[in-house]
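Asker: Quick one: structure below, then a few questions.
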Amino acid sequence: DAGVIQSPRHEVTEMGQEVTLRCKPISGHNSLFWYRQTMMRGLELLIYFNNNVPIDDSGMPEDRFSAKMPNASFSTLKIQPSEPRDSAVYFCASSPPAGGFAGELFFGEGSRLTVL
Amino acid sequence: DQQVKQNSPSLSVQEGRISILNCDYTNSMFDYFLWYKKYPAEGPTFLISISSIKDKNEDGRFTVFLNKSAKHLSLHIVPSQPGDSAVYFCAATSGTYKYIFGTGTRLKVLA
């Protein structure tokens, strides 16, 4: 079975450019999460979708960040305009239906973003 | 304000010995704890978990201990193997989707 698929794996861009990260969750999973990993803060939850609906976006750092989930098999995280401090590894994770509790999270391999 | 803290950024252990990774938390509402393992250029993968109604959970070479009064959990790996070299994250939740992760501990098992 395919796991969570993220693209691109690596992205190098210049400050001010738009960045779009993509995620395909595991089929049948109804929860999707975007995390950001930095040395200082570890893994931070940016946004959580349940059944394609954004439930909690309180972790999105600024209005420059936006995320969408148009259907059960695709999500995007967009940064516009990008800044050097956005440089990090961005992970997408999904989890299967489990009542009110997420259960085990299945992570993608991450997208490493470098903003020059 | 870090609610989940892993105060040791790195740890080196000889092959065959015990590895002990520690994690402290501040929120007494947390009732479920997990450990994830991460290899370079890969996403974190689930390793082991424990509910707050237990104080120990074992799975093969991996055991997680929970001390609720001290708000402390630890992961023991016995015996440690070179393939265990990775970054280990602990995470906590109060029974919802919101997992709070620590900053990770890099374990190096020396052959």
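What follows draws every value from the coordinates through simple rules; no lab data is involved. Quick caveat, the model's predicted, so the values are computed rather than measured. As a convention, Cβ positions derive from the backbone with ideal geometry for all residues, glycine included, and neighbour counts pool all protein chains shown.
Asker: Across the stretch B:24-55, what is the number of residues that are surrounded by 17 or more Cβ atoms within 10 Å (Cβ to Cβ) and either under 18 Å from B:Lys108 (Cβ atoms) or in contact with a helix residue (DSSP H, G or I) (Cβ under 9 Å, 6 or more places away or on another chain) (or both)?
Answerer: 6
Asker: Taking the condition of being surrounded by fewer than 20 Cβ atoms within 10 Å (Cβ to Cβ), over 15 Å from B:Val4 (Cα atoms) and either under 11 Å from the mean Cα position of the chain (by Cα) or hydrophobic (A, V, I, L, M, F, W, C) (or both), how many residues in the stretch B:56-105 meet it?
Answerer: Matching residues across the stretch B:56-105 total 5.
One line per residue, one yes/no per condition, for (1) closer than 17 Å to A:Gln37 by Cβ; (2) out of contact with any strand residue (DSSP E or B) (no Cβ under 8 Å at 6 or more places or on another chain); (3) free of Cβ contacts under 8 Å to residues at least 40 places away in the same chain:
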residue	(1), (2), (3)
B:Gln6	yes, no, no
B:Ile20	no, no, no
B:Phe30	no, no, no
B:Trp35	yes, no, no
B:Tyr39	yes, no, no
B:Ile48	no, no, yes
B:Asp55	no, no, yes
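Asker: Look through the stretch B:1-20, keep the residues that are in a strand (DSSP E or B) and within 14 Å of chain A (Cβ to nearest Cβ), and return whichever of them is surrounded by the fewest Cβ atoms within 10 Å (Cβ to Cβ).
Answerer: The qualifying residue surrounded by the fewest Cβ atoms within 10 Å (Cβ to Cβ) is B:Ser10.
Asker: List the strands (runs of 3 or more DSSP E) inside the stretch A:17-116, counting only whole elements, that have at least 1 residues being free of Cβ contacts under 8 Å to residues at least 60 places away in the same chain and charged (D, E, K, R).
Answerer: Counting at least 1 such residues, we get A:19-24, A:31-38, A:42-50, A:53-56, A:65-71.
Asker: Still on this structure: Filter the stretch A:36-54 down to the residues that are under 12 Å from the mean Cα position of the chain (by Cα) and within 8 Å of chain B (Cβ to nearest Cβ) and list them by number.
Answerer: If the condition is that a residue be under 12 Å from the mean Cα position of the chain (by Cα) and within 8 Å of chain B (Cβ to nearest Cβ), then A:Leu43, A:Glu44, A:Leu45, A:Tyr48 are the ones that fit.
Asker: Criterion first (of a type outside the set (Val, Ile, Thr) and either closer than 28 Å to B:Gln14 by Cα or out of contact with any Lys or Arg (no Cβ under 7 Å at 6 or more places or on another chain) (or both)) does B:Ser52 satisfy it?
Answerer: no
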